[in-house]
1. Quick check on A:Thr89: is it modelled with pLDDT under 80 and β-branched (Val, Ile, Thr)?
2. What number goes with the only condition from (1) more than 8 Å from chain B (Cβ to nearest Cβ); (2) more than 28 Å from A:Ile134 (Cβ to Cβ) that A:Val40 does not pass?
3. Scan segment B:36-71 residue by residue and report those that are within 13 Å of chain A (Cβ to nearest Cβ) and under 12 Å from the mean Cα position of the chain (by Cα).
4. Do you know which residues across segment B:82-94 are over 17 Å from B:Pro25 (Cα atoms) and open to solvent by less than 60 Å² (accessible area, probe 1.4 Å)?
5. For segment A:151-189, give me the residue count where each residue is within 12 Å of the chain's Cα centre (by Cα) and surrounded by fewer than 13 Cβ atoms within 10 Å (Cβ to Cβ).
6. Go through segment B:32-46 and give me each residue that's loosely packed, with under 14 Cβ neighbours inside 10 Å and of a type in the set (A, V, I, L, M, F, W, C).
7. Check off (1) assigned to a loop (DSSP other than H, G, I, E, B); (2) of a type outside the set (A, V, I, L, M); (3) more than 10 Å from chain A (Cβ to nearest Cβ) for B:Ser84 and give me the number that stays unchecked.
8. Out of all the residues in segment A:99-125, which are surrounded by 17 or more Cβ atoms within 10 Å (Cβ to Cβ) and either in contact with a Gly (Cβ under 7 Å, 6 or more places away or on another chain) or in contact (Cβ under 8 Å) with a residue 60 or more places away in the chain (or both)?
Amino acid sequence: MNISPSEAEEALDAIQVMMQKTRRAISSSGAYKFLIVWGVIWMVGFLGSQFLPSEIASFVWIWLDILGGLLSAIIGIRMNRGVRTSSPTTSGRRIAIFWLLLFFYCAAAIGVAWPVDGKQLAMFIILFITVGWIAMGLLLSFASVWWGLALLGLSLVSYFLLPDYFYFIMAFVGGGGMIILGLYVRNRW
Amino acid sequence: MAELNETIHQTVRLRIMAALVTLAPNEEVEFIYLRDLLEVTDGNLGAHLRKLEEAGYISVNKTFVERKPRTYVSATTDGRKVFSEHVAALEAILKSK
């Protein structure tokens with residue numbers, strides 16, 4: 001079988017494109033759901049922190065955190081159903097366990113540091129979520145690591161330098177940004 | 001020197017193999033997932049998968065998941081080896097330009 005160099009180049013390009021598309025499809029197939037879930041939770045939680053008394057807002061956050069942990073676990077289990085390993089759902093199950101453990105670590109850290117005010121509570125949750133996000137990025141799609149780091153940076157800057165606008169920034173830029181990014185990832189695939 | 005493989009070189013089969021070798025050796029992809037990824041019809045994909053299966057380059061595993069029939073496809077060890085040889089042959093042709 002003989003082909004010209006230009007045909008060889010075309011074939012190699014087709015291979016490259018297909019491999020990249022496959023990698024992207026596998027990695028983005030569940031990542032956007034995490035983003036949308038946590039984006040909505042952030043938006044609701046931070047708006048609660050802005051408008052509700054701090055004690056109520058703290059409880060709202062705890063329940064939102066539980067909800068987010070459970071939804072993340074379900075998403076992890078259901079991820080990549082189109083692709084399975086010889087030991088089915090092992091990776092999904094591990095992702096689910098990771099998020100549940102992260103949730104318990106977060107709750108334990110808050111318990112140890114208690115009493116904390118609303119902003120400190122929110123910052124604890126943000127720190128743990130962004131750790132989870134970056135870990136998922138390293139595991140599934142490296143590009144999303146940068147978004148996680150950007151969100152972490154924004155949170156820290158808002159917390160230390162713009163405390164009066166912290167909740168608003170987190171609700172609309174943080175939460176809204178995650179929802180938009182999640183929709184972008186979903187539509188790109 | 002690595003040689004081109006006529007079975008794999010066909011455009012759709014080349015893309016199928018590229019997608020399958022991207023997965024880990026212990027992973028397999030569902031037929032529908034692969035069809036959507038390649039943007040081909042059921043019939044077209046089925047015909048090309050048969051050719052690759054006959055050549056021993058892929059493995060087709062029909063099973064039931066939650067009582068629904070599912071077909072999973074994966075590259076065999078031989079398929080991965082032949083594909084990497086094919087890629088090496090393509091690169092050699094390009095270098096000789």
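The values are calculated or read from the model by the stated rules, or taken from the named source; none is laboratory data. Just so you know, these numbers come straight off a predicted model, no measurement behind them. Every residue, glycine as well, gets a Cβ built from its backbone with ideal geometry; the counts of neighbours run over all protein chains shown. Just so you know, the surface numbers come from the protein's heavy atoms only, side chains and all, with ligands and any DNA or RNA stripped out. Shrake-Rupley method; radii C 1.70, N 1.55, O 1.52, S 1.80 Å.
1. yes
2. For A:Val40, the exception is condition (2).
3. Step one: of segment B:36-71, the residues within 13 Å of chain A (Cβ to nearest Cβ) are B:36-40, B:59, B:61, B:63-66, B:68, B:70-71.
Selection gives B:Leu38, B:Ser59.
4. Across segment B:82-94, the qualifying residues are B:His86, B:Val87, B:Ala88, B:Ala89, B:Leu90, B:Ala92, B:Ile93, B:Leu94.
5. Going through segment A:151-189 one residue at a time, the tally reaches 0.
6. B:Ile32
7. For B:Ser84, the exception is condition (1).
8. A:Trp99, A:Leu102, A:Phe103, A:Gly118, A:Leu121, A:Ala122, A:Ile125 - these are the residues of segment A:99-125 that are surrounded by 17 or more Cβ atoms within 10 Å (Cβ to Cβ) and either in contact with a Gly (Cβ under 7 Å, 6 or more places away or on another chain) or in contact (Cβ under 8 Å) with a residue 60 or more places away in the chain (or both).
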